[in-house]
Amino acid sequence: MGYDSRGPSEVTCTYSTGMWRRACGRDVVASCVYCGEPFCASHGDRGPDFQDVCHRRACAAKQHDLQIHTAWRSHVAISNQVSMCAEMDCSERMRFACSQCRLLFCDTHVREHDVKDTRVQPPQKVRRLVCAHCLERRKVWE
């Protein structure tokens, strides 16, 4: 667990239930993969493959979105296996890849949009092809 220089025994849960309330202060079990904050057993979930997520609203939304996205991706990827657009009920041939999910779509179901490229520092806005599903997900991640 990537704690600060104080060591794991000196770090306590930083989860707070309100703006004017103190941090929990209980013993830490993990750090959140999204915000990096330490949390106790009551204020987060330990997931498989170190996918530990605290109960903060933004982090829980990201975890929920990722579960929905993974299920969606598995469902629509079947179309790409037969060279068809990944959009539900579309019978057009696949032509263009979404820069976010990497699935293939027809020209009707991907559009150019400004997206944040986090592979460079500082992150920059770039124009990329994005499907409607990934465009909607940006609200949670940005």
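The values are calculated or read from the model by the stated rules, or taken from the named source; none is laboratory data. Everything numeric in this text was worked out from a predicted model, so none of it was measured. In this analysis, Cβ positions are derived from the backbone assuming ideal geometry, glycine residues included, and neighbour counts consider all displayed protein chains. Just the protein is used for accessible areas: all its heavy atoms, side chains included, with ligands, DNA and RNA removed. Shrake-Rupley method; radii C 1.70, N 1.55, O 1.52, S 1.80 Å.
Counting pairs of alpha carbon atoms under 8 Å apart in space and at least six apart in sequence, what relative contact order in percent does the chain give? Each step should come with its number before you reach the end.
Values: 218 pairs, mean separation 17.3, N = 142.
It comes to 12 percent, rounded to a whole number.
Nearest 20 debye, what's the magnitude of the dipole of the chain about its Cα centre given +1 on Lys and Arg Cβ and -1 on Asp and Glu Cβ? Provide the component values of the computation, followed by the final result.
Numbers: 21 positive and 17 negative charges, 62 e Å.
Dipole of the chain, to the nearest 20 debye: 300 debye.
Report, to the nearest 10°, how far helix 132-141 tilts away from the longest principal axis of the Cα atoms in the chain, using its own Cα long axis and a range of 0 to 90°.
With rounding to tens, the tilt is 10 degrees.
Label A77 and R21 with points 7 Å out from Cα along Cα→Cβ: what is the distance between them in nm?
The two pseudo-label positions are separated by 3.9 nm.
Calculate one ³J(HN,Hα) per residue across the stretch 37-46 by plugging θ = phi - 60° into the Karplus curve 6.51 cos²θ - 1.76 cosθ + 1.60, and present them in order as whole Hz with x for glycine and proline.
The phi angles translate into 6, x, 9, 8, 5, 7, 10, x, 10, 8 Hz.
Can you give the Rg and Dmax of the chain based on its C-alpha atoms, in angstrom?
So, for the chain, Rg and Dmax equal 19.4, 58 Å respectively.
Run the simple label-point estimate for R111 and A61 please: 7 Å along Cα→C-beta, distance reported in nm.
2.2 nm
Considering the dipole of the chain built from charges on the beta carbon (Lys and Arg +1, Asp and Glu -1) around the Cα centre, which of S74, Q51, H113 is farthest to its positive end?
So the residue furthest toward the plus end is H113.
Might you tell me the accessible area per residue for the chain, computed with a 1.4 Å probe and given in Å²?
On the way: 9670 Å² over 142 residues.
On a per-residue basis, the chain sits at 68 Å².
Using the Cα centre of the stretch 19-142 as origin and beta-carbon charges of +1 (Lys, Arg) and -1 (Asp, Glu), tell me which of L104, Q124, A61 is placed farthest towards the positive end of the dipole.
Checked the options; the winner is Q124.
At a probe radius of 1.4 Å, what is the per-residue accessible area of S16, in Å² to the nearest 10?
40 Å²
Of all trypsin sites (Lys or Arg not before Pro) in the stretch 42-119, which ones are in loop regions per DSSP and have a Cβ with at most 15 other Cβ atoms within 10 Å? Could you put the intermediate results ahead of the total?
Details: sites: R46, R56, R57, K62, R73, R93, R95, R102, R111, K116, R119; in loops: R46, R56, R95, R102, R119.
Counting only loop positions with at most 15 other Cβ atoms within 10 Å, the trypsin sites (Lys or Arg not before Pro) in the stretch 42-119 are R46, R95, R102, R119.
Let me check against my output: what whole-number percent is the relative contact order of the stretch 66-142, with C-alpha pairs under 8 Å and at least 6 apart? Could you put the intermediate results ahead of the total?
Details: 110 pairs, mean separation 15.4, N = 77.
So the answer I get is 20 percent.
Which FRET efficiency value, to the nearest 0.05, is calculated for V126 and F50 with the Förster distance at 30 angstrom and r the Cβ-Cβ distance?
Numbers: r = 30 Å, r/R0 = 1.00.
The computed FRET efficiency comes out at 0.50.
Report in % the part of the accessible area of the stretch 1-120 that belongs to carbon and sulfur, leaving out ligands and nucleic acids; probe 1.4 Å. Don't skip to the end; give the middle numbers.
Details: 3960 of 8070 Å².
About 49 percent, which is the carbon plus sulfur part of the accessible surface.
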